[in-house]
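A.B. asks: The structure is given below, and queries will be raised subsequently.
The values are calculated or read from the model by the stated rules, or taken from the named source; none is laboratory data. Computed from a predicted structure; not experimentally measured. Note: ideal-geometry Cβ built from the backbone for every residue, glycine included; neighbour counts use all protein chains shown. Just the protein is used for accessible areas: all its heavy atoms, side chains included, with ligands, DNA and RNA removed. Shrake-Rupley method; radii C 1.70, N 1.55, O 1.52, S 1.80 Å.
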Amino acid sequence: SPKLTYNPGSASSSQSTMVNSSGEIVWAPHNLVEYSEDFSQWDENNTTVTTNASLAPDGALTADLLTADGAAGTHRRRQTISTEIGVEYTFSVWVKNVDAIAVIITLTYSGAADYYHAVVVDPTDWTISQKSTGVNATEVSSSVTVGDDDWALVEIQARTNDTLSFNNAGVSLV
């Protein structure tokens, strides 16, 4: 299931804390994506969703099937998110290829279409075939971790810049 987590940089947040491996008290990461296990609740662009179509990586029957509908244009699901300026976020999605040529995960800045972070993954061998960042965007890292039963966890870690926050997290099919 898609997940966007972050660790707020100030004590003004009402989120919980935890003790890290160094014994320090830090803000606990948490999921900012609503309906993270239900793509049918995300904004739709030329895609259909079959909910609970197969077993998820945790073995539960909760994996959704995202299908491009054949129309021209972008094929994606995205969700509006609320983030803070100058903070690092991690967006991760478990993916299992059925018939896509590529899977793209993105974080997009509010009010600026050319401010984004994107990772393009080849689902035939789970390699990152392309990484993109827009103007003034800072990608920290991206990775693909192959799991059991042909599932892969695709992650992008990025920091918002000093003036804009992220407003969308998305998954696209090519």
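A.B. asks: In segment 42-75, how many residues are under 15 Å from the mean Cα position of the chain (by Cα) and either small (Gly, Ala, Ser) or open to solvent by 60 Å² or more (accessible area, probe 1.4 Å) (or both)?
C.D. replies: Looking only at that region, the number is 1.
A.B. asks: Condition first: free of Cβ contacts under 8 Å to residues at least 60 places away in the same chain, open to solvent by 30 Å² or more (accessible area, probe 1.4 Å) and assigned to a strand (DSSP E or B). Now tell me which residues in segment 140-174 satisfy that.
C.D. replies: Residues satisfying the conditions are Val140, Ser141, Ser143, Val144, Thr145, Val146.
A.B. asks: Among the numbered conditions (1) modelled with pLDDT under 85; (2) of a type outside the set (Lys, Arg); (3) open to solvent by less than 50 Å² (accessible area, probe 1.4 Å); (4) over 18 Å from Val171 (Cα atoms), tell me where Pro2 comes up short.
C.D. replies: All conditions are met except number (4).
A.B. asks: Another question, if that's okay. Could you grab me the full set of residues in segment 103-114 that are surrounded by fewer than 16 Cβ atoms within 10 Å (Cβ to Cβ) and either acidic (Asp, Glu) or at pLDDT 85 or above (or both)?
C.D. replies: Residue satisfying the conditions is Asp114 alone.
A.B. asks: If you go through segment 80-102 one residue at a time, how many are of a type outside the set (Asp, Glu) and in contact with a Phe, Trp or Tyr (Cβ under 9 Å, 6 or more places away or on another chain)?
C.D. replies: Within segment 80-102, residues that are of a type outside the set (Asp, Glu) and in contact with a Phe, Trp or Tyr (Cβ under 9 Å, 6 or more places away or on another chain) number 11.
A.B. asks: Across segment 115-139, which residue is modelled with the highest pLDDT among those that are open to solvent by 80 Å² or more (accessible area, probe 1.4 Å) and outside any strand (DSSP E or B)?
C.D. replies: Ranking the qualifying residues of segment 115-139, first place goes to Asp125.
A.B. asks: Same structure again: I'd like to verify a number: residues in segment 7-21 that are modelled with pLDDT of 75 or more, surrounded by 11 or more Cβ atoms within 10 Å (Cβ to Cβ) and not polar (S, T, N, Q), how many?
C.D. replies: Qualifying residue count for the region: 1.
A.B. asks: If I ask for residues that are open to solvent by 40 Å² or more (accessible area, probe 1.4 Å), part of a loop (DSSP other than H, G, I, E, B) and out of contact with any Pro (no Cβ under 9 Å at 6 or more places or on another chain), which ones from segment 76-95 would you list?
C.D. replies: The first filter runs over segment 76-95 and keeps only residues open to solvent by 40 Å² or more (accessible area, probe 1.4 Å), leaving 76, 78, 80, 82, 84-85, 88, 94.
From what is left, the residues that are part of a loop (DSSP other than H, G, I, E, B) are 82, 84-85.
Of everything in segment 76-95, those that are open to solvent by 40 Å² or more (accessible area, probe 1.4 Å), part of a loop (DSSP other than H, G, I, E, B) and out of contact with any Pro (no Cβ under 9 Å at 6 or more places or on another chain) turn out to be Ser82, Ile85.
A.B. asks: Now for a different question. Within segment 22-49, take every residue that is small (Gly, Ala, Ser) and modelled with pLDDT of 85 or more and give me the one that is nearest to Ser142 (Cα to Cα). Working first, answer last.
C.D. replies: Initial filter on segment 22-49 (small (Gly, Ala, Ser)): 22-23, 28, 36, 40.
Checking which are modelled with pLDDT of 85 or more leaves us with 22-23, 36, 40.
On the way: Ser22: 24, Gly23: 27, Ser36: 20, Ser40: 26 Å.
Selected residue: Ser36.
A.B. asks: Also: When both residues are 6+ apart or on different chains and their Cβ atoms are under 8 Å apart, which pairs have a first residue that lies in segment 31-44 and is assigned to a strand (DSSP E or B), and a second that is open to solvent by 50 Å² or more (accessible area, probe 1.4 Å) and hydroxyl-bearing (Ser, Thr, Tyr)?
C.D. replies: That search, which allows pairs on different chains as well, returns Asp43/Thr80.
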